Amino acid sequence: MYAKIKETAAWLRERMPNAPSVAIVLGTGLGQLAKRIDRTLSIPYSEIPNFPVSTVEGHSGELIFGRLGGKEVMAMEGRFHYYEGYTMQQVTFPVRIMSELGIRTLFVSNAAGGTNPDFSIGDLMIITDHINYMPENPLNGPNVPPGPRFPDMSEAYSKDLIAQADDIAARHGIKVQHGVYLATQGPTYETPAEYRMFARWGADAVGMSTVPEVIVANHCGIRCFGMSVITDLGGMEVPMKITHQEVLRAAEAVQPFMATIMEEMIKGIHD
Ligand code: HPA
C-alpha cells in the first residue's frame, strides 16, 4: 500500500501546477463548490494510477486542482463508497494521497438523513463528531506510518474550524445545525426502527460515507471539517419513503449555502 501511495502521489506531483494545502471531498449532489474553483487541472479518476473508479449516480469522479478563496486546493468530485464494493483501503486511498501531497486541512460534505426531531429537510449540519457504525475500521490491518497505531479521535472534527464556520454562517445569515454523524454501510436507507435506534445512540444524522475518510485523515494528522445536508428525515411517526432523486433534489437546493461557508473558511486558512 505504501508503494502505491508513493507512486500515485509522484504521478500527480508531475502533473499538478502548484502544491495544494487544502482538500475538499464533495458529497452526493454537492458539486457546486467545485464549480467555484478556478481550475488548473482536472483528471478523471479512471486515469489516475491505483485510483478506484466511482460508479454511483450523481458522482462524476474527477480530481480537480486549482484556486479557491485565494488558496491552492484539490477537490474530489465524487467519492468511493464502501457499499460499492471497495475495500476500506480503496475508499480512503485518496486521503492517503492528499497527505502525501502535503494537505493540512480537509473539508468533507455529504447528504444525510436527519434523526434529530428538531431538524428539517434542507438544513445544513456542521458535523461535530461521528459514530463509526460501518462494519470495518479503515485502519484495520498493518499500520501505515507515520500515523500512530492507536490514533486519538477526541477531536476528529477541528473545534477551531467549527467555530470559524459558525462565525461565517452568522455573518451571512445562514442557519446551521450542529450534530453527530453516524455512518452505516448502506446501500439501504434505514428502517424507521433503525432511525430511532440511531437517534437514541446520540446520532443527529445518518449517511453512508465520510467517517472512513475522516478517520484516515486524522491518522495522517490532517484536521477535518465536515458538513451534512439533511435531505430526508427518518424515524418519524409516519414513515417517509426516500429515493436517491429526492436526496439529490434536497442537496441541490442548499448547496450554495454550504459552498459559501466552505469558500469563506478556505479564504481564512493561514497554513
Ligand atoms: N440514510 C443514509 N444515507 C443517506 C440518507 C439516509 O437517510 N439520506 C441521504 N443519505
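Where a number appears in this text, it was derived from the coordinates with a stated rule and is not lab data. Bear in mind that the values here come from a model prediction, so they are computed numbers and not experimental data. Reconstructed Cβ throughout: ideal geometry from the backbone, glycine too, with neighbour counts over all protein chains shown.
Summary of values
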{"quantity": "Listed pairs Lys4/Lys35; Lys35/Lys267; Lys35/Lys71 exceeding 22 Å between Cα atoms", "calculated": "Lys4/Lys35"}
{"quantity": "17 Å cut-off, amide nitrogen to a point 7 angstrom out along Ile5 Cα→Cβ, residues in the range 216-236", "calculated": "216-224"}
{"quantity": "In sequence order, calculated HN-Hα J values of the range 183-193 (Karplus, 6.51, -1.76, 1.60; Hz; x Gly/Pro)", "calculated": "9, 10, 5, x, x, 6, 6, 7, 6, x, 5"}
{"quantity": "Proxy reagent accessibility, fewest Cβ within 10 Å first, across Lys35, Lys4, Lys241, Lys71", "calculated": "Lys241, Lys35, Lys4, Lys71"}
{"quantity": "Shape category assigned to the range 151-190 from the gyration tensor of Cα positions, a/c cut at 1.5", "calculated": "oblate"}
{"quantity": "Distance between the range 118-144 and the range 201-228 - C-alpha centres, whole angstrom", "calculated": "4 Å"}
{"quantity": "Ranked Arg15, Arg149, criterion: other C-beta atoms within 10 Å, fewest first", "calculated": "Arg149, Arg15"}
{"quantity": "Additional length obtainable on full extension of the chain from Thr40 to Asn137, 0.36 nm per residue less Cα span", "calculated": "31.5 nm"}
{"quantity": "Projected label distance in nm at Tyr83 and Asn50, using a 7 Å step from Cα toward the beta-carbon", "calculated": "2.9 nm"}
{"quantity": "Nearest-ten-degree value, helix 244-267 long axis tilted from longest Cα axis of the chain", "calculated": "50 degrees"}
{"quantity": "Residues whose placed amide H lies under 5 Å from that of Gly27, excluding near-sequence neighbours", "calculated": "Ser109, Asn110"}
{"quantity": "Distance in nm between pseudo-label sites at Arg104 and Ala170 (7 Å out along the Cβ direction from Cα)", "calculated": "2.6 nm"}
{"quantity": "Computed lengthening from Gln185 to Ser154, 0.36 nm per intervening residue step minus Cα-Cα distance", "calculated": "8.9 nm"}
{"quantity": "Proxy reagent accessibility, fewest Cβ within 10 Å first, across His270, His219", "calculated": "His270, His219"}
{"quantity": "Cα→Cβ-extended label distance, 7 Å offset, between Ser120 and His270, nm", "calculated": "3.8 nm"}
